[in-house]
Amino acid sequence: MNKIGLAAILMLLSGCTSTQRIAELGVISPEITAVEARQLQKATVTKGVSGRDSTGVFLFFPQGYPNLEYAVRRALDSVEADILVNAKAEYKSSWYLLGGENTITVKGDAVKLAPMFGGFE
């Protein structure tokens, strides 16, 4: 096999990746969350939390579509938090020879709200 053929095979196998930012969000939650000022005063914050949702692609046919809500839920569940603040969401598409993967990744600071009952003065 000549060098040009080997280089062409390596380029095909290496694939390509495209990433774009789809959102910058101040506050996000996958469900309706009532927030009171008293809860925020005693809240705990975990910085740099991330979550992702991915789906595969085979021969240009997607096997589904990634979901921002699932990515946020996975980020919050990883630290048992209630809301995500200062969040950034990115969409990434990776392609290889016969297929690829589409991914939504969300990164931000997770906030665990204080309970609404008792303990407030």
Sum -39500 (n - 2.57) across every DSSP H segment of at least 4 residues in the chain, then divide by the residue count to get the 222 nm mean residue ellipticity, nearest 500. -7000 deg cm²/dmol
Whole-Å distance linking the alpha carbon centroid of region 76-100 with that of region 24-57 is 13 Å
For the charge dipole of the chain, defined by +1 on Lys and Arg C-beta atoms and -1 on Asp and Glu C-beta atoms about the Cα centroid, which residue among 68, 93, 25 has the Cα displaced farthest towards the positive pole? 93
List the chymotrypsin sites (Phe, Trp or Tyr not before Pro) within region 51-121 that fall in a DSSP loop (any state other than H, G, I, E or B) and whose Cβ has at most 13 other Cβ atoms within 10 Å. 60, 117, 120
Run through region 20-121 and list the trypsin sites (Lys or Arg not before Pro) located in a DSSP loop whose Cβ has at most 13 other Cβ atoms within 10 Å. 42
Cα-based Rg/(2.2 N^0.38 Å) for the chain, rounded to two decimals, is 1.48
Estimated dipole of the chain in Debye, rounded to 20 [Cβ of Lys and Arg +1, of Asp and Glu -1, Cα centre]: 440 debye
Two pseudo-spin positions, 7 Å from Cα along C-beta at residue 32 and at residue 59, lie apart in nanometres by 4.5 nm
Work out the FRET efficiency for residue 96 and residue 23 from their Cβ-Cβ distance, taking R0 = 35 Å, and round it to the nearest 0.05. 0.85
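The numbers here are math on the coordinates, done by the rules we state, and not lab data. What you are looking at is a predicted structure, and each value in this text was computed from that prediction instead of being measured. Don't worry about glycine lacking a Cβ; one is built from the backbone with ideal geometry, like all the others, and counts go over all protein chains shown.
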